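Undergrad: One structure, as structure tokens, below. Some questions next.
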Amino acid sequence: MPLDLPHPPGGGAGTGSPTAVPGPVATAARLNVQMRHHEAIDVIRAAVEAVPRLALVSSFGAESGALLHLASKVKRDLPVLFIDTEMLFPETLAYQREVAVKLGLTRITTLRAADAVLHDPDGLLHLSDPDACCALRKTAPLQKALRDFDGWITGRKRFQSGQRAALPHFETEMRDGGPDRIKINPLAFWSAEDVAEYIAENNLPRHPLVARGYPSIGCAPCTSPVKEGEDSRAGRWRGTAKDECGIHFENGKVVRQGAST
Ligand code: SF4
């Protein structure tokens, strides 16, 4: 099942050679069919088998414990990328350390923007241009780190917001100068209740801000508590049209390829 990289950009089934190995797009489509009725842990196992250089990207937010626990059961030394925007709640930094110890995660890499002080010296860019701030503090460091990987696991779920409503288990994203990168969403079909139940049943650490009304947790200046009945991400960039940080965008748009389950 390995992707046998490199493949041509776009990652189709090849140029007609009988020995051509399917590229990332075809692999994502095939795995979406194969794993359609499988558990999240099986989706992670399939990803580990299919993508030789695979990472998990985690915000160590409200629901992150479930995915990290599942991944640790499949491959404890799976590389985990944690983006520290230097605008996070102190509770998130403490939670990250707690979860790492509890789950025995041995390969967490903390990503930070190398030039944040240069481009946002007073730390107020989020007020005037939040898209630029996210691009500086989140997207750029992640894109740089992902150059070393052919795929990444995310914690996104369909219930979280409209833009995620059609999320498949496997999708791909284009990247400059190389084959498409595969993206895996093992929890795509989980509900908020599924996540809470899993965290409780496995006695996983809880992000301390959840009990204070934060069902979705990003940077401190851009996250507020959520009232009963509101969307779980209503507290993110409240009062603006922004609802994604940009790490799941290409050229400013949500881009998905591969068959949706
Ligand atoms: S969430 Fe807010 S503070 Fe964090 S990177 Fe984006 S705009 Fe900046």
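Undergrad: If you take the residues of segment 28-60 that are modelled with pLDDT under 95 and under 18 Å from Asp194 (Cα atoms), which of them is surrounded by the most Cβ atoms within 10 Å (Cβ to Cβ)?
TA: Arg36
Undergrad: Can you name the residue in segment 223-244 that is of a type in the set (A, V, I, L, M, F, W, C) and buried (at least 18 other Cβ atoms within 10 Å of the Cβ) and is also farthest from the ligand (Cβ to nearest atom) among such residues?
TA: Val226
Undergrad: Determine if segment 161-177 includes at least one residue that is in contact with a Leu (Cβ under 8 Å, 6 or more places away or on another chain) and of a type in the set (S, T, N, Q).
TA: no
Undergrad: Can you pull out every residue in segment 61-99 that is free of Cβ contacts under 8 Å to residues at least 40 places away in the same chain, among the acidic types (Asp, Glu) and either within 15 Å of Trp152 (Cα to Cα) or crowded, with 22+ Cβ neighbours inside 10 Å (or both)?
TA: Selection gives Asp77 alone.
Undergrad: Here's a follow-up. Quick one: how many residues across segment 206-222 are among the hydrophobic types (A, V, I, L, M, F, W, C), touching a helix residue (DSSP H, G or I) at 6+ places or on another chain (Cβ under 8 Å) and more than 16 Å from the ligand (Cβ to nearest atom)? Break it down into steps so the answer makes sense when it comes.
TA: Taking segment 206-222 as the starting set, the residues that turn out to be among the hydrophobic types (A, V, I, L, M, F, W, C) are 209-211, 217, 219-220, 222.
Checking which are touching a helix residue (DSSP H, G or I) at 6+ places or on another chain (Cβ under 8 Å) leaves us with 209, 217, 219, 222.
If we keep only those that are more than 16 Å from the ligand (Cβ to nearest atom) as well, we get none.
The number of residues fulfilling the criteria is 0.
Undergrad: May I pose another question? Quickly run through segment 38-51 and pick out the residues that are touching a Leu at 6+ places or on another chain (Cβ under 7 Å) and either part of a loop (DSSP other than H, G, I, E, B) or within 16 Å of the ligand (Cβ to nearest atom) (or both). Even if it seems obvious, please write down each step before you answer.
TA: Taking segment 38-51 first, the residues touching a Leu at 6+ places or on another chain (Cβ under 7 Å) are 40-41, 44, 46-48, 50-51.
Once the filter is applied, which keeps residues that are touching a Leu at 6+ places or on another chain (Cβ under 7 Å) and either part of a loop (DSSP other than H, G, I, E, B) or within 16 Å of the ligand (Cβ to nearest atom) (or both), segment 38-51 yields only Val51.
The values are calculated or read from the model by the stated rules, or taken from the named source; none is laboratory data. Note that the coordinates shown come from a computational prediction; the quantities given were computed from them, not determined experimentally. When we count neighbours, we look across all protein chains shown, and the Cβ atoms used for this are built from the backbone with ideal geometry, even at glycine.
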